[in-house]
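Notes for the one structure printed next.
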Amino acid sequence: MQSVTVLAPAKLNLTLDILGTRGDGYHTLDMIMQAVTLRERVTVRKSSGLYLSLPGSRVPANEHNTAYKAALAFFHETGLLAGAAITIEKRIPVRAGMAGGSADAAAVLVGLNELYGARLSTQELCDIGATIGADVPFSILGGTARVTGVGEILQPLRRCPPCWFTVCMPSGGISTPQAYARYDELGTDEHPDSAAAAAAITRGDLNGLCETMGNALEYSSASPDTKPICEVLREYGALKAMMTGSGAAVFGVFTQEEAANCAKQALLQRWPQCWVVRPDARGARVVGGK
Ligand code: ATP
């Protein structure tokens, strides 16, 4: 095999609570993450050197790129004396709180493992991924999970009840470190109950899930567009509308595809980046090889 193609899903935070701060300054979290059907498409080809391109994207293809770091970590861990030419079709918005960079790292790890027949287990891939970013193990596993610690402890949950998400990305993204710094300054009264949300998922209770959803970063990090986007989503019948991760993307939960699409059409009048997506039960996976 000379090349593989990998799809890697974005995530949405159904909950994000901040429990405290560790001695090293990292925040301890309690979150429910959901993989969704907006996916990066990553092609990994055998090569003697390491090359990265992201056609049409402004994200720099340099050594700071998560995909580049993932490839280096993979070759370091396996001891393989080889390289790769990586092409990323970027579909997940940047600085959105949707783990686009983590999805790229996950795709590269899964792709290289297949391409070079390295036979690393999913756990081993997750361990390498965790050295690149806290969300990379989730991007590898996908589905629905409760995520605690500083983002490194993952407990897979039952499938999220069937629904549609309308996702809207405002024009400006949000930097994750800045979002946490603003939280440290401003705090919040919003502390969603991830245990209750996990119980609602286990019961298959979408209404109960939506009642418990929330994001502790929304008060301090919301962009000026967050509120008006949430208002449009609610107007079209979203059971819940909120920001994902550290922002800036905002999403609504719908029981009907038609309502989700109508909300998207209404949002497109003011915000050009909108999608209707569904829960994705899987993480980064190989979809083809040549
Ligand atoms: P998260 O939900 O994990 O916090 P995010 O959506 O807030 O993710 P990303 O878009 O994943 O953030 O990454 C944000 C920053 O990381 C950007 O400023 C970008 O320059 C840098 N970066 C490095 N590699 C990548 C990559 N492959 N894709 C996107 N951003 C990357």
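The values are calculated or read from the model by the stated rules, or taken from the named source; none is laboratory data. What you see is a predicted model; the values in this text were computed from it and never measured. Glycine also receives a Cβ, built like all others from the backbone with ideal geometry; neighbour counts cover every protein chain displayed. Side chains included, ligands, DNA and RNA excluded: accessible areas come from the protein's heavy atoms. Shrake-Rupley method; radii C 1.70, N 1.55, O 1.52, S 1.80 Å.
What are the residues in region 169-194 that are under 22 Å from MET98 (Cα atoms), of a type in the set (A, V, I, L, M, F, W, C) and part of a helix (DSSP H, G or I), if any?
ALA179, ALA181
When residues of region 245-274 are filtered for being open to solvent by 50 Å² or more (accessible area, probe 1.4 Å) and in contact with a Leu (Cβ under 8 Å, 6 or more places away or on another chain), how many remain?
So the answer is 1.
Any idea how many residues of region 167-185 are of a type outside the set (Ser, Thr, Tyr) and open to solvent by 90 Å² or more (accessible area, probe 1.4 Å)?
Total satisfying the criteria: 5.
One residue is enough: does region 225-244 have a residue meeting the conditions buried (at least 21 other Cβ atoms within 10 Å of the Cβ), polar (S, T, N, Q) and in a strand (DSSP E or B)?
no
How about region 20-38: which of its residues are open to solvent by 30 Å² or more (accessible area, probe 1.4 Å) and in contact (Cβ under 8 Å) with a residue 40 or more places away in the chain?
Answer for region 20-38, where residues must be open to solvent by 30 Å² or more (accessible area, probe 1.4 Å) and in contact (Cβ under 8 Å) with a residue 40 or more places away in the chain: THR21, ARG22, TYR26, THR28, THR37.
Could you look through region 39-69, keep only residues that are touching a residue at least 40 places away in the same chain (Cβ under 8 Å) and more than 9 Å from the ligand (Cβ to nearest atom), and pick out the one that is most open to solvent (accessible area, probe 1.4 Å)?
The selected residue is ARG45.
Restricting attention to region 76-117, report how many residues are of a type outside the set (Asp, Glu) and farther than 18 Å from THR43 by Cβ.
Summing the residues that are of a type outside the set (Asp, Glu) and farther than 18 Å from THR43 by Cβ in region 76-117 gives 13.
Examine region 7-28 for a residue that is aromatic (Phe, Trp, Tyr), in contact with a Leu (Cβ under 6 Å, 6 or more places away or on another chain) and either at pLDDT 95 or above or away from the ligand (no atom under 12 Å from the Cβ) (or both), and state whether such a residue exists.
No, region 7-28 contains no residue that is aromatic (Phe, Trp, Tyr), in contact with a Leu (Cβ under 6 Å, 6 or more places away or on another chain) and either at pLDDT 95 or above or away from the ligand (no atom under 12 Å from the Cβ) (or both).
Of everything in region 126-172 that's under 13 Å from MET31 (Cβ atoms) and charged (D, E, K, R), which residue is modelled with the lowest pLDDT?
GLU152
Which residues, counting only those in region 74-133, are assigned to a helix (DSSP H, G or I), over 26 Å from GLY245 (Cα atoms) and away from the ligand (no atom under 16 Å from the Cβ)?
Correct list: PHE75, HIS76, GLU77, THR78, ASN113, GLU114, LEU115.
Hey, GLY143 hits all of (1) open to solvent by 40 Å² or more (accessible area, probe 1.4 Å); (2) at positive phi but one; which does it fall short on?
(1)
Only one of these is among the polar types (S, T, N, Q), open to solvent by 50 Å² or more (accessible area, probe 1.4 Å) and under 27 Å from PHE254 (Cβ atoms): THR188, THR202. Name it.
Exactly one of THR188, THR202 is among the polar types (S, T, N, Q), open to solvent by 50 Å² or more (accessible area, probe 1.4 Å) and under 27 Å from PHE254 (Cβ atoms), namely THR202.
Among the residues in region 150-157, are any of a type in the set (D, E, K, R) and either open to solvent by less than 30 Å² (accessible area, probe 1.4 Å) or in a strand (DSSP E or B) (or both)?
Within region 150-157, not a single residue is of a type in the set (D, E, K, R) and either open to solvent by less than 30 Å² (accessible area, probe 1.4 Å) or in a strand (DSSP E or B) (or both).
Please determine, by comparing only the residues of region 70-80 that are without any contact (Cβ under 8 Å) to a residue 40 or more places away in the chain and not hydrophobic (A, V, I, L, M, F, W, C), which one is farthest from LYS90 (Cα to Cα).
In this case the residue turns out to be GLY79.
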